[in-house]
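What follows is a short report on a single structure.
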Amino acid sequence: MRWVYTAVLLVFIVSRSVTASAQGVGLADIDGSVKKLKERLTLDSLQEQQVRTIMTETQAQLKKDRDESGGDRRKMFGILRERIAEMDGKIEAVLTDAQKPKYADYKKERDEEARERMRERFGR
């Protein structure tokens, strides 16, 4: 049941991000995420650039996926899970061994914050 909440939450977050991107504010969201990661993980300038590129490419791919899904939420949910996992894997690949546990903590907090927003929005 927990994965259902996480999945719904991730769909909500990504759809907000993709919608914001379509409205021209998506890069601000990426900038904020990169800034958080830079501070928490002490990213160097190369890592910061790599993470920004990974997030930008993921966001663009999700927008394309959403456009191609034809409104099929179940299909988009599966795609979203795959894209988030791919993004996390790519980010982890540019991190040092010392940064990886910090990123794992960040992901847990990100998921919990997303679940909390869903609870607030849908009263669950």
Please work out which residue is modelled with the highest pLDDT, limiting yourself to the range 107-124 and to residues that are touching a helix residue (DSSP H, G or I) at 6+ places or on another chain (Cβ under 6 Å) and closer than 21 Å to G89 by Cβ. D111
Restricting to the range 84-124, what's the tally of residues that are touching a residue at least 12 places away in the same chain (Cβ under 8 Å), closer than 20 Å to Q49 by Cβ and either in contact with a Pro (Cβ under 6 Å, 6 or more places away or on another chain) or not in a helix (DSSP H, G or I) (or both)? 3
Which one is surrounded by the most Cβ atoms within 10 Å (Cβ to Cβ), of the residues in the range 18-52 that are within 27 Å of R119 (Cβ to Cβ) and at pLDDT below 50? V18
Would the range 53-61 turn up any residue that is surrounded by 17 or more Cβ atoms within 10 Å (Cβ to Cβ) and more than 17 Å from K38 (Cβ to Cβ)? yes
Within the range 63-83, how many residues turn out to be within 12 Å of the chain's Cα centre (by Cα) and either outside any helix (DSSP H, G or I) or modelled with pLDDT under 90 (or both)? 2
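The values are calculated or read from the model by the stated rules, or taken from the named source; none is laboratory data. All values derive from a computational prediction rather than experimental measurement. As a convention, Cβ positions derive from the backbone with ideal geometry for all residues, glycine included, and neighbour counts pool all protein chains shown.
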